[in-house]
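Below is one structure; the comments refer to it alone.
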Amino acid sequence: MRRSGSWQSVWDDRILEWMRENDGAGTPKKLKESGLIRVSQAHISRRCRTLAENGLLREIGNGAYVITDEGKAYLDEEYDAEEGVYINGNGPSEPSAGFDAETNDV
């Protein structure tokens, strides 16, 4: 079961699903035109901003958004949107202890 945040609305899952199914990116206008989201374009835009503020989408300019790794993990039931954490340590891999990502040295 997906662990949604108290800040989420019923449309947020549909927005994220549409983004993932459409090359991971889109605009509120394209979402509205899809017919999947049956609220105003302005409402979709607000929801996209909220999803971006909470790390599930990222704004890339000109009103366009891309789904983040966290957004994909949320859809796959691997991310808790309320707590903002991966479930069961399923997060993206990070450099191991002792590894300096800046210099690529151990």
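The values are calculated or read from the model by the stated rules, or taken from the named source; none is laboratory data. Quick caveat, the model's predicted, so the values are computed rather than measured. Here Cβ is always computed from backbone atoms with ideal geometry, including for glycine, and neighbour counts include all displayed protein chains.
Laid out as a table, the results:
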read-out: Every pair of residues 6+ apart whose Cβ atoms lie under 7 Å, when the first sits in the stretch 59-74 and is over 15 Å from Asp12 (Cβ atoms) while the second is hydroxyl-bearing (Ser, Thr, Tyr); value: Glu59/Tyr65; Gly63/Thr27; Ala64/Thr27
read-out: Residue count for the stretch 59-106, restricted to those that are modelled with pLDDT under 95 and part of a helix (DSSP H, G or I); value: 3
read-out: Leading residue by the ranking (farthest from Tyr79 (Cα to Cα)) among those in the stretch 3-29 that are among the charged types (D, E, K, R) and at pLDDT 95 or above; value: Lys29
read-out: Selection within the stretch 23-49 - part of a loop (DSSP other than H, G, I, E, B) and either in contact (Cβ under 8 Å) with a residue 12 or more places away in the chain or within 15 Å of Asn62 (Cα to Cα) (or both); value: Gly24, Thr27, Leu36, Ile37, Val39
